[in-house]
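The values are calculated or read from the model by the stated rules, or taken from the named source; none is laboratory data. In this text the structure is predicted, and so the values were computed from the model without any measurement. Positions of Cβ are backbone-derived with ideal geometry, glycine not excepted, and every protein chain shown enters the neighbour counts.
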Amino acid sequence: MSRTRTPILAHVVYRTRRFEQMLAWYQQVFHARVRHQNPAMAFLTYDDEHHRLAFIDLAVVQPGAQDSEKHGLVGVEHIAYTCASLEDMFDSYTRLKSHGILPYWCIHHGLTISMYYADPDGNQLEFQVDCFESAAESNAYICGPSFSVNPVGVEFDPEDWLAQVRAGASLSGFLVRRVHEPVSPIRGALSAV
């Protein structure tokens, strides 16, 4: 069994009911720039990475929620880690699966291919692989029309991808998102975990 490299911290996503104030605060504190924004979400960066911070506007995605300030409804959505390669991410998937640890959401964001896990306390971790070879390509994608079509992504089945690899396909062939629908629900099936 190969030893995969430890993923590196990539970004943090926040849930908020103070969307505009949060964007302004993080732009000021980190000198961050908005890479993509729509009414429900925004992606910001302060370096060459496509995004280091993201915000989900709960007023849009959960407009009628009660107890909107309750702990757990606002705050950290998830923390993301970048894997060195798609092969490393799938090696980790296979290793974790052998220990009964499965992702609750596997999604091709277009910008990244990601597997989301929940720890025993329900904290969410994203393990991702960038779909582009350079920061310039990633930044062009997140600022361009292809990302705007579907900034959430399309779900995939890792077992289906592994079956295709066993049949001769290359994991790198999955890096380009070829279909943009159906648009996945934002949080996947976390409630089933």
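Structure notes:
- The residue of segment 149-171 that is farthest from residue 107 (Cα to Cα), among those that are surrounded by 12 or more Cβ atoms within 10 Å (Cβ to Cβ) and of a type in the set (S, T, N, Q), is 164.
- Inside segment 133-151, residues that are assigned to a loop (DSSP other than H, G, I, E, B) and in contact (Cβ under 8 Å) with a residue 24 or more places away in the chain make up a count of 3.
- Residue list for segment 153-172, restricted to those being assigned to a loop (DSSP other than H, G, I, E, B) and closer than 19 Å to residue 98 by Cβ: 157
- Within segment 129-174, considering residues that are closer than 23 Å to residue 47 by Cβ, touching a Leu at 6+ places or on another chain (Cβ under 7 Å) and aliphatic (A, V, I, L, M), the one modelled with the highest pLDDT: 129
- Given (1) touching a residue at least 24 places away in the same chain (Cβ under 8 Å); (2) within 30 Å of residue 92 (Cβ to Cβ); (3) not in a strand (DSSP E or B), number of the condition residue 6 does not satisfy: (1)
- The set of residues in segment 1-57 being among the hydroxyl-bearing types (Ser, Thr, Tyr) and touching a Ser or Thr at 6+ places or on another chain (Cβ under 7 Å) consists of 4 alone.
- Selected residue (only one of 43, 132 is at negative phi, in contact with a strand residue (DSSP E or B) (Cβ under 6 Å, 6 or more places away or on another chain) and surrounded by 15 or more Cβ atoms within 10 Å (Cβ to Cβ)): 43
- Qualifying residue in segment 83-103 (condition: within 18 Å of residue 14 (Cβ to Cβ) and of a type outside the set (D, E, K, R)): no
- Scanning segment 175-193 for residues that are modelled with pLDDT under 85, within 24 Å of residue 145 (Cβ to Cβ) and not aliphatic (A, V, I, L, M) returns 180, 185.
- Test: residue in segment 46-53 that is of a type in the set (Ser, Thr, Tyr) and either surrounded by fewer than 17 Cβ atoms within 10 Å (Cβ to Cβ) or part of a loop (DSSP other than H, G, I, E, B) (or both): yes
- Test: residue in segment 66-77 that is more than 20 Å from residue 123 (Cα to Cα) and either touching a residue at least 24 places away in the same chain (Cβ under 8 Å) or among the aliphatic types (A, V, I, L, M) (or both): no
- Extreme residue, surrounded by the most Cβ atoms within 10 Å (Cβ to Cβ), among residues of segment 71-112 that are in a strand (DSSP E or B) and touching a Cys at 6+ places or on another chain (Cβ under 9 Å): 112
- Where a residue in segment 89-101 is over 13 Å from residue 162 (Cα atoms) and in contact (Cβ under 8 Å) with a residue 12 or more places away in the chain and its partner, wherever it lies, is loosely packed, with under 15 Cβ neighbours inside 10 Å and of a type in the set (A, V, I, L, M), with Cβ under 8 Å and at least six apart: 95/1; 96/102
- Within segment 119-132, the set of residues being in a loop (DSSP other than H, G, I, E, B) and within 18 Å of residue 13 (Cα to Cα) comprises 119, 121, 122, 123.
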